[in-house]
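Read through the structure below, which is laid out as structure tokens, and then see the notes.
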Ligand code: RAT
Ligand code: ZN
């Protein structure tokens with residue numbers, strides 16, 4: 001068969017073009033827990049300015065004490081050997097050394113979170129075969145946090161980092177109140193995170209009242225208007241590009257009429273959150289399926305996954321066509337159903353392989369299925385990085401899988417006799433790593 005000159009007909013040419021396009025395309029990372037140095041940082045580097053409650057985490061001790069690795073180390077050094085409270089009393093460096101010894105030296109570091117630390121160290125130009133992290137620590141101590149952000153973004157090829165700005169977190173809230181420019185770093189964008197508003201209205205109402213916006217448990221007209229003013233203020237203060245919440249597996253829309261807290265959540269959603277999002281023309285992101293603190297002693301490492309309800313998302317997308325929803329589910333069991341739901345609603349954008357499905361085997365399965373059901377119209381990944389340096393491994397590992405899936409898909413299409421062009425490969429990759437997010441969030 002004859003091919004136009006700019007087409008890529010051979011499987012090897014397609015594989016090379018896809019791999020190059022995926023490596024080259026800068027990413028907009030739509031969900032992280034990363035912040036600019038203006039939010040404070042626990043590791044001062046060469047600036048000497050450390051802040052105990054600083055929100056920017058970076059460096060090898062933070063990488064090694066990532067909560068995914070805390071959960072994993074408790075598989076092998078059980079609480080009868082090291083009581084949880086004793087672990088939490090250790091310094092960060094002692095915790096890091098404990099994890100290093102037990103997960104990287106005495107056992108093979110084959111989990112995804114262990115491998116991630118080593119990929120990061122390698123891509124920074126350090127030697128992952130070093131016997132201890134001490135040499136790496138010295139290197140990190142010489143970095144300037146702000147310059148280091150540039151370096152990590154360059155190595156990871158990330159062009160924009162989306163923060164998670166939890167307005168009900170006192171530490172974070174105070175930073176916005178103390179410094180109106182705290183979020184002004186052009187490398188970062190803000191997302192207003194509002195979990196208590198939807199998950200526990202009585203608690204949120206108390207806080208709102210403390211902060212000078214009168215709100216009552218019974219969701220009077222005054223409460224609704226207070227909550228709307230509160231959201232408006234914070235969207236404006238943060239210049240939030242969307243609103244976000246994480247929801248438990250039991251979350252339903254419509255809510256169970258016999259559950260007063262869930263009913264209040266429904267009212268807040270219908271009468272506060274969605275109208276405010278529509279007014280500001282910003283999407284609402286729902287991350288669904290996390291059971292918080294099933295083992296409270298493990299703190300943030302103690303959360304669990306549960307199967308959630310996709311039909312509730314279907315109901316919302318149908319009832320609120322004027323709103324746009326970013327959605328991701330935590331359970332593998334929900335992935336197929338929600339991909340089908342996205343075929344039905346243009347106001348539903350699937351994103352990422354979240355947390356416990358952010359593992360190579362599941363990323364591949366989910367990305368393949370989404371391509372087959374949705375073509376190019378989804379956002380395959382976000383990093384969820386909590387430690388700046390994790391951008392490097394999260395994107396390196398995901399890029400390779402996205403490239404593998406897209407190579408197969410383009411080769412399958414080529415086999416029909418319609419060979420792809422380099423432009424169509426580049427364009428597809430651009431949609432997936434940047435433009436689908438940008439277009440959906442700014443759509444009219
Ligand atoms: O993936 C994580 O690190 C979780 O602890 C959560 O932060 C989750 O991603 C969330 O945003 O709630
Ligand atoms: Zn997150």
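The values are calculated or read from the model by the stated rules, or taken from the named source; none is laboratory data. Owing to the predicted nature of the structure, the values given are computational and were not obtained by experimental measurement. Reconstructed Cβ throughout: ideal geometry from the backbone, glycine too, with neighbour counts over all protein chains shown.
Structural remarks
- Those residues of region 352-379 which are in contact with a strand residue (DSSP E or B) (Cβ under 6 Å, 6 or more places away or on another chain) and within 16 Å of ligand 1 (Cβ to nearest atom), in sequence order: 352, 354, 356, 379
- Residue satisfying condition, being away from ligand 2 (no atom under 16 Å from the Cβ), more than 30 Å from residue 417 (Cβ to Cβ), within 27 Å of the chain's Cα centre (by Cα) and not in a helix (DSSP H, G or I), within set 103, 52: 52
- Residue in region 20-31 that is more than 30 Å from residue 411 (Cα to Cα), within 16 Å of ligand 1 (Cβ to nearest atom) and either crowded, with 24+ Cβ neighbours inside 10 Å or at pLDDT 95 or above (or both) present: yes
- Residues of region 413-444 classified as closer than 13 Å to residue 21 by Cα and part of a helix (DSSP H, G or I), total: 13
- Among helices (runs of 4 or more DSSP H) entirely within region 128-214, having at least 2 residues that are modelled with pLDDT of 95 or more, out of contact with any strand residue (DSSP E or B) (no Cβ under 8 Å at 6 or more places or on another chain) and over 29 Å from residue 437 (Cα atoms) singles out 134-141, 170-178, 201-210.
- Residue match in region 266-280 (condition: away from ligand 2 (no atom under 16 Å from the Cβ), part of a loop (DSSP other than H, G, I, E, B) and over 16 Å from residue 440 (Cβ atoms)): no
- Test: residue in region 151-160 that is within 16 Å of ligand 1 (Cβ to nearest atom) and surrounded by 15 or more Cβ atoms within 10 Å (Cβ to Cβ): no
- Count of residues meeting criterion [crowded, with 17+ Cβ neighbours inside 10 Å and either farther than 30 Å from residue 32 by Cβ or under 29 Å from the mean Cα position of the chain (by Cα) (or both)] in region 197-223: 11
- Just one of the listed residues (38, 50) is in contact with a strand residue (DSSP E or B) (Cβ under 9 Å, 6 or more places away or on another chain), touching a residue at least 40 places away in the same chain (Cβ under 8 Å) and surrounded by fewer than 22 Cβ atoms within 10 Å (Cβ to Cβ), namely 38.
- All of (1) surrounded by fewer than 21 Cβ atoms within 10 Å (Cβ to Cβ); (2) on the phi < 0 side of the Ramachandran plot hold for residue 194 with one exception: (1).
- When 255, 264 are screened for being touching a helix residue (DSSP H, G or I) at 6+ places or on another chain (Cβ under 9 Å), surrounded by fewer than 21 Cβ atoms within 10 Å (Cβ to Cβ) and farther than 18 Å from residue 285 by Cβ, only 255 passes.
- Residue in region 240-256 that is free of Cβ contacts under 8 Å to residues at least 60 places away in the same chain, assigned to a helix (DSSP H, G or I) and away from ligand 1 (no atom under 16 Å from the Cβ) present: no
- Filter result for residue 434 (surrounded by fewer than 21 Cβ atoms within 10 Å (Cβ to Cβ), closer than 28 Å to residue 281 by Cβ and either under 16 Å from the mean Cα position of the chain (by Cα) or within 16 Å of ligand 2 (Cβ to nearest atom) (or both)): yes
- Every residue from region 288-301 that is closer than 17 Å to residue 199 by Cβ and either near ligand 1 (Cβ under 10 Å from one of its atoms) or in a strand (DSSP E or B) (or both): 288, 290, 291, 292, 300
- Complete set of residues in region 354-380 that are in contact (Cβ under 8 Å) with a residue 40 or more places away in the chain and either within 16 Å of ligand 2 (Cβ to nearest atom) or part of a helix (DSSP H, G or I) (or both): 354, 355, 356, 358, 359, 360, 364, 368, 379
- When 320, 230 are checked against the criterion of being under 18 Å from residue 350 (Cα atoms) and surrounded by 16 or more Cβ atoms within 10 Å (Cβ to Cβ), a single residue qualifies: 320.
- Among residues of region 381-400, those that are more than 16 Å from ligand 2 (Cβ to nearest atom) and surrounded by fewer than 23 Cβ atoms within 10 Å (Cβ to Cβ), counted: 4
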